[in-house]
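Notes for the one structure printed next.
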Amino acid sequence: MYVCVCNVINDRQVKQALNEGVLSVRALRQYFAYPESCCGKCHRCLREMINAHLQAAECEQQARCEACPA
Ligand code: FES
């Protein structure tokens, strides 16, 4: 699925960037070298993907902590 039509960036590319630690819209724009003149319609979707990624990472970390013997 395309996330950014202007720059032809799909969700797999965004997920890869998130896994590499690129965790803000500004950083993603730099990572993908968006030109400044782009429409910005993808920013909301990017924010949602960042939040989902962070939430999943937090759940994973919490599950590991709960699994550890005290
Ligand atoms: S859809 Fe991403 S900048 Fe236009």
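The values are calculated or read from the model by the stated rules, or taken from the named source; none is laboratory data. What you are looking at is a predicted structure, and each value in this text was computed from that prediction instead of being measured. Cβ atoms come from the backbone with ideal geometry, glycine included; neighbour counts cover every protein chain shown. Keep in mind that these areas ignore ligands, DNA and RNA; they rest on the heavy atoms of the full protein, side chains included. Shrake-Rupley method; radii C 1.70, N 1.55, O 1.52, S 1.80 Å.
Between A67 and R26, the modelled labels are 3.6 nm apart [label points 7 Å from Cα along Cα→Cβ]. Between E60 and N10, what is the FRET efficiency for a Förster distance of 25 Å, r being their Cβ-Cβ separation, to the nearest 0.05? Given R0 = 25 Å and the Cβ-Cβ separation, E is 0.60.
Taking the accessible area of the range 2-67, probe 1.4 Å, and keeping the other protein chains in place, the carbon and sulfur fraction comes to 48%.
Its relative contact order, with pairs defined as Cα atoms under 8 Å and 6+ residues apart, puts the chain at 31 percent.
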